[in-house]
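The values are calculated or read from the model by the stated rules, or taken from the named source; none is laboratory data. Bear in mind that the values here come from a model prediction, so they are computed numbers and not experimental data. Positions of Cβ are generated from backbone atoms using ideal geometry, with glycine treated the same way; all protein chains shown enter the neighbour counts. Each accessible area value is taken on the protein alone, full model and side chains, heavy atoms only, with ligands, DNA and RNA left out. Shrake-Rupley method; radii C 1.70, N 1.55, O 1.52, S 1.80 Å.
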Amino acid sequence: MAADVLNVTAARPHRAGVKLWLKRLHLWLGLSVGLVFALIALSGTVLALQEPLLRLAHPELTGHVPPSPTQQARVLARIAHEWKPRGLRAADLPDAALPVWQLYFDNGTRRYLDPATGELLLTRDASRDALLILRNWHTHLLAGRTGENLLGVLGWIALGLLVSGLVLWWPARGRLRAQLRPYAQPPVRRWLTWHRSLGALTVPLLLLVTLTGTLMVYHGATRRGLEAAFGHGTVAAPPGPVARRDAPVPWAALLAAAQSALPHAALSRIGFGRADDATVVVRAHAPGEWNATGRSMIWLDPYTPRVLAVRDVSAGDTAARIDGMIYPLHAGTVGGWAYRGVVIACGVLPAFFVTTGFLFWRARTRRRR
């Protein structure tokens, strides 16, 4: 009996020392790395609203009538002729959300064309457009692949901050209500209770948004991990390259072939191939997919036109379906405005935690003087 008491007594200082170390780590990482993370999260809040902001800033992109199949084919021929030699990578077909052609270029520029005629409506320069700059900061810290790798490290640290905060808050039995109660005075208690109470209530959502963003940085490893956990079915591999030749592309027949390959899906994006490969890749949105653009893919020989391979994610395995949920959960593009509001709030909360953490630290420092 006496030995048990001695063991418990010895364990308490050890646990107190670990908790003190965890508090210091949480504080200083929160006031340093947490500040950068807060800025990244705030940019995510703006990006969750990028579509309505784009329509608001550029009303010329709204109010258009969807093109007919004949108009689609004619505009695609014009796009391939005028823009492919200038670094065009892919183009989104007009839809209800954005009823114009959206063109993506290798240098990050985006152009928007009239849905029926292909006339240029708007050019967004990646180095001048505020939303594109903000997107580059949010996804690459304005530093390309190096910035993306650093973003992954910041993501894991942010997850550590969230988990450590939850551990430090965790109440003893019967103390849950007291641990969630906010106080107005004194300042030290006010900032601490506001910080930990709101953190405890919102940590599940913050963990979801932060984890999905971090997993996107490590997409290859994430997919392999999901396949190891859930297994994977047969996935259509991209076919071999198609040699380019001086021949017209029958765009109407090509779109018809793509639609016939996935009749239940809506065609959404067209990739125009590479310099050494003329294969046209069409992305499609299948029913039930959370990703708005869709992850189903059709590879076509543009000259025949002939379907070379099809990847239908609606018939895919569990790993593929979970993988397809990661981006929509992070970006708030699923669940309507209710979930988008959650994502927007999660983008603001890290700034709140950095601010209240700093005010708590300053108030406690002043009280000790």
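Things to note:
- D4 being outside any helix (DSSP H, G or I), open to solvent by 50 Å² or more (accessible area, probe 1.4 Å) and either modelled with pLDDT under 95 or touching a strand residue (DSSP E or B) at 6+ places or on another chain (Cβ under 6 Å) (or both): no
- Only one of the numbered conditions (1) modelled with pLDDT of 95 or more; (2) under 22 Å from the mean Cα position of the chain (by Cα); (3) closer than 20 Å to D95 by Cα is violated by S296, and that is (1).
- Matching entry among R196, R190, R245, R181 (being over 24 Å from G294 (Cα atoms), open to solvent by 70 Å² or more (accessible area, probe 1.4 Å) and touching a Phe, Trp or Tyr at 6+ places or on another chain (Cβ under 7 Å)): R245
- Here A237 does not qualify as touching a residue at least 60 places away in the same chain (Cβ under 8 Å), assigned to a helix (DSSP H, G or I), among the hydrophobic types (A, V, I, L, M, F, W, C) and loosely packed, with under 15 Cβ neighbours inside 10 Å.
- For the range 65-88, filtering for residues that are over 10 Å from L113 (Cβ atoms) and surrounded by fewer than 16 Cβ atoms within 10 Å (Cβ to Cβ) leaves 10.
- Looking across the range 201-220 at every residue that is under 15 Å from C346 (Cβ atoms) and either β-branched (V, I, T) or free of Cβ contacts under 8 Å to residues at least 40 places away in the same chain (or both), the one that is most open to solvent (accessible area, probe 1.4 Å) is identified as L201.
- Residue under evaluation L29, criteria (1) open to solvent by less than 40 Å² (accessible area, probe 1.4 Å); (2) at pLDDT below 95; (3) within 30 Å of I133 (Cβ to Cβ); (4) aliphatic (A, V, I, L, M), criterion not met: (1)
- Hits in the range 252-280 - residues which are within 18 Å of R89 (Cα to Cα) and assigned to a strand (DSSP E or B): L267, S268, R269, I270, G271, R274, D277, V280
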